[in-house]
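Below is one structure; the comments refer to it alone.
Every read-out reported here was derived from the displayed coordinates using simple, explicitly stated rules and does not represent laboratory data. Just so we're clear, the structure is a prediction, and the values are computed from it rather than from any experiment. All Cβ positions, even for glycine, are placed from backbone atoms using ideal geometry, and neighbour counts span all protein chains on display.
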Protein chains: 2
Amino acid sequence: MLSKSINPEDWLAALDEGGFRVTTVQETLIDIFAHSEYPLSAEQAWDAARQSRPKTGRATVYRMVEKLESLGFIRRVHGYQGCSHFVPTLPELMMLFICLDCGRADYLDSQPLGDLIQHSEHASGHHITDSRLQLFGACADCQQNA
Amino acid sequence: MLSKSINPEDWLAALDEGGFRVTTVQETLIDIFAHSEYPLSAEQAWDAARQSRPKTGRATVYRMVEKLESLGFIRRVHGYQGCSHFVPTLPELMMLFICLDCGRADYLDSQPLGDLIQHSEHASGHHITDSRLQLFGACADCQQNA
DNA sequence: ACCTTATTGAGACATGGTATCAATAGATGT
DNA sequence: ACATCTATTGATACCATGTCTCAATAAGGT
């Protein structure tokens with residue numbers, strides 16, 4: 001899952017080009033977010049970061065999460081019990097599926113969402129510039145093991 | 001906006017049938033949520049409640065919001081800066097549009113979403129039981145006044 | 001009108017997230 | 001390689017949002 005290829009190198013390169021300093025905390029956190037199978041909260045990312053870099057500060061992690069989000073690298077996942085978890089952003093439109101059983105996230109083909117948006121835009125008269133679609137249920141794996 | 005008919009009477013009746021006592025706080029809050037053009041946070045609902053019922057407690061409002069949500073009368077709206085606001089739930093599938101300019105919410109025709117879900121279910125192999133779709137942009141009114 | 005008990009209000013508490021500021025460590029020029 | 005400059009960091013104080021406790025209140029059945 002989270003199968004679409006996410007490349008941490010690209011994120012670091014983008015930070016560099018953006019005029020930001022490339023630091024070890026950033027490398028650590030980017031690596032954590034880019035490789036997690038699950039959506040992560042800032043707190044979880046902090047825990048993960050301290051495993052390889054014990055002195056990492058809490059505020060720093062919150063700041064990095066904010067930066068990564070504002071740069072568009074990660075994006076908030078809206079679950080039932082809140083929206084404090086993040087997944088890597090895809091370049092294209094995103095349709096995210098969350099398994100209510102195992103908690104893992106999966107990106108689905110978003111072509112149908114593009115069509116839906118076009119249609120709704122015409123039907124409603126609103127100008128649609130962004131979307132968040134999340135689907136919940138039981139993933140293919142969890143259905144097998146049930 | 002929020003044009004689909006929401007009936008506060010039905011909510012109270014449902015509470016009554018559910019074995020809950022029907023109280024003035026409930027009436028006040030249900031009225032507030034059912035008639036707001038905007039998604040409301042618990043804090044905003046508290047402010048609104050105290051206008052007509054000054055002694056209303058904060059915890060009470062949070063409890064009622066939780067109850068109304070668990071009974072399915074209201075539902076969390078997932079915006080950019082958090083997900084602590086609520087709108088009345090529709091009986092059918094929901095497709096919510098939020099105007100990034102005026103902040104108002106609008107329910108769109110959700111037929112296309114039903115189709116999309118069916119399609120994605122087959123394509124992905126996941127069993128989809130719930131969805132959250134939110135669209136953002138400029139509403140018809142705000143486009144005119146721009 | 002009375003009794004029972006769910007609901008409420010006040011305030012203490014917990015959690016998640018932000019602001020401050022001195023210390024640290026990237027980047028750049030020498 | 002070294003010094004310098006300044007963005008970034010870590011520690012901690014702080015704030016906001018939401019939860020818990022418990023005595024007081026008020027629905028609803030009798």
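Would you work out the Kirkwood radius for chain B? I mean one over the mean of 1/r across all pairs of different Cα atoms, in Å. Please list the in-between numbers first.
Values: mean 1/r = 0.0600 Å⁻¹.
It works out to 16.7 Å.
Summed over qualifying helices (DSSP H, 4 residues or more, each -39500 (n - 2.57)) and divided by its residue number, chain A shows a 222 nm mean residue ellipticity of -13500 deg cm²/dmol.
Inter-copy label distances at residue A:27, shortest first and taken from points set 7 Å along Cα to Cβ: 6.6 nm. Bridges between two residues of the protein assembly as shown, per DSSP, are antiparallel at a rate of about 75%. Kirkwood-type hydrodynamic radius, the protein assembly as shown: 21.0 Å, calculated from all non-identical alpha-carbon pairs. Loop-located GluC sites (Glu not before Pro) in segment B:1-64 (DSSP state not H, G, I, E or B) with no more than 16 neighbouring Cβ atoms inside 10 Å: B:37. Annotated for the protein assembly as shown: lysine pairs at least 8 residues apart or interchain, Cα distance under 24 Å, count 4.
Computed over chain A with a Gaussian network model linking Cα atoms closer than 10 Å, the most mobile of A:52, A:124, A:36 is A:124.
Within segment A:16-96, the trypsin sites (Lys or Arg not before Pro) that combine a DSSP coil assignment with at most 14 other C-beta atoms in a 10 angstrom radius are A:21, A:55. Sorted from closest to farthest, the other copies place their residue A:63 label points 4.2 nm away, with each point set 7 Å from Cα along Cα→Cβ.
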